[in-house]
Every structure is written in structure tokens, then in C-alpha cells.
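The structure that follows is given in the form of C-alpha cells.
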Amino acid sequence: MDTTRFADFRRLLRAIFIGLVAAHAAGTQAAEPAMALNSKVRELDTLVFDAYNKCDMPAFARFFSPTVEFYHDDGGATFDRKTVVANTRKFICGKVRRELLPATFRVYPIKGYGAIEEGEHRFCEIQSGKCEGIARFLMIWRQAKGLWVLTRVVSYGHRAMTDAEQAGAVGHGSP
């Protein structure tokens with residue numbers, strides 16, 4: 001190979017190498033905000049459902065927009081925070097506890113708005129301690145002025161857990 005062609009070949013290899021390094025750096029930088037968003041939404045999920053499980057309705061209410069839309073396959077639709085809180089007080093407090101199934105937790109960014117959270121959770125009777133119900137959920141979080149609030153909640157697919165799910169044998173892990 002002559003000297004000119006060898007130099008051209010080296011420049012080409014150098015350009016490819018620099019491109020690969022830059023692409024890797026960009027991918028790493030893109031992953032960091034996604035990881036931060038995932039952590040933030042996981043923290044929000046923990047906080048809202050700690051309040052839910054403890055029946056701390058003032059704390060629970062702070063996580064919802066005044067005009068939240070809540071869609072429940074069995075319970076119907078509600079369109080304001082006041083009703084969501086009243087229904088939680090009436091149907092949940094002192095009766096059931098919610099547990100996230102960690103392996104199902106997913107977060108997706110919504111550019112210029114916030115995030116979508118989806119997953120599955122199970123419900124355990126407080127009196128008996130039995131965890132027999134399971135459902136899917138999708139929640140839309142809006143971030144504004146440093147605060148995160150839920151604007152839409154969809155809770156669906158409510159059903160009894162199978163024996164395998166109750167035993168934790170279907171890949172959900174233990175909450």
C-alpha cells in the first residue's frame with residue numbers, strides 16, 4: 001500500500017473510532033436522564049402509595065391535580081381530586097394495602113410534560129393479610145414548577161391472583 005493510501009486509511013479508522021466514542025458517550029448521556037426519571041417516578045410511586053396505605057388523605061391528595069381523571073374498570077370514572085380522595089377513604093382505608101410488583105414497573109418520558117408510569121400491583125386485605133387481588137395501572141405524571149402531580153390514572157384488569165402469583169412464582173418477584 002502506498003504512503004498516501006495508508007494515510008487515508010489511518011484517517012478513516014481514526015474518524016470511525018472517534019465516531020464510535022462519541023456515539024457511546026451520547027448513549028451514556030441519554031441513559032443518565034432516563035435513569036434519573038425512573039428513580040424519580042419510583043420515589044413518587046412509593047410516596048403516593050405510602051400515603052394511600054396509611055390512609056394519610058392530606059398527603060395522598062397532594063399527588064393529584066385538582067382535575068385528575070381516574071379511570072377504574074370496576075369502579076368507573078372520576079374527574080376530580082376530591083372524588084378520588086373520597087373514594088379512597090371510603091373503599092380502601094382500613095381494608096386493603098397496595099403493593100407494587102417491582103418487576104413490572106416501567107417509566108416513559110413525555111417530552112415537555114412529565115412521565116408515564118405503568119406496572120402491576122397487588123392488593124392485600126389488612127385484616128387477614130392475604131394478597132389475593134392484582135391489577136394493571138397506568139399513571140400520567142406532570143412536572144410543573146418542580147412539582148409532580150398525577151393528571152390521569154387508569155386502573156384496569158382487576159382480577160383474583162392465581163395460586164402461582166400468590167406464591168410469587170410468575171416472575172413478579174416479591175414486593
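Label 7 Å along Cα→Cβ of residue 93; the range 46-66 residues with amide nitrogen under 18 Å?
Inside the label zone: 48-64.
Using a 1.4 Å probe, what is the accessible area per residue for the range 43-94, in Å²?
Ligands and nucleic acids excluded, the result is 56 Å² per residue.
Once fully extended, how much extra length lies between residue 111 and residue 11, figured as 0.36 nm per residue of separation less the alpha-carbon to alpha-carbon distance?
32.1 nm
Now for a separate question. List the lysines whose Cα lies under 19 Å from the Cα of residue 82, skipping any in the same chain that are fewer than 8 positions away.
54, 90
Place the peptides 41-48, 155-162 in order of packing, highest mean first, counting for every residue the other Cβ atoms within 10 Å and averaging per peptide.
The packing order, highest mean first, is 41-48, 155-162.
Using unit Cβ charges (K, R positive; D, E negative) and no other charged atoms, how large, in debye to the nearest 20, is the dipole of the range 56-175 about its Cα centre?
Charge dipole of the range 56-175: 520 debye, to the nearest 20.
Around residue 95, what is the net charge, scoring Lys/Arg as +1 and Asp/Glu as -1 over all other residues with Cβ under 14 Å from its Cβ?
Combined, the nearby Lys, Arg, Asp and Glu give +4.
Leaving ligands and nucleic acids out of the surface, order 130, 145, 40, 54 by accessible area at 1.4 Å, largest first.
Per-residue accessible area, sorted high to low, gives 145, 54, 130, 40.
Leaving ligands, DNA and RNA out of it, work out the accessible area of residue 85 with a 1.4 Å probe and give it in Å² to the nearest 10.
Spelled out: residue 85, probe radius 1.4 Å, area about 20 Å².
Something else now. Starting from the residue with the highest accessible area, list 147, 138, 100 in decreasing order, probe 1.4 Å.
147, 138, 100
Sticking with this structure for a sec: Give the accessible area for residue 113 in Å² (nearest 10); use a 1.4 Å probe, count only protein heavy atoms, and leave out ligands, DNA and RNA.
Its accessible surface works out to 70 Å², give or take rounding.
The values are calculated or read from the model by the stated rules, or taken from the named source; none is laboratory data. Remember, it's a predicted structure, so these values are computed and weren't measured experimentally. Backbone-built Cβ (ideal geometry, glycine too); neighbour counts: all protein chains shown. Quick note on the areas: whole protein, heavy atoms, side chains included, nothing else; ligands and nucleic acids left out. Shrake-Rupley method; radii C 1.70, N 1.55, O 1.52, S 1.80 Å.
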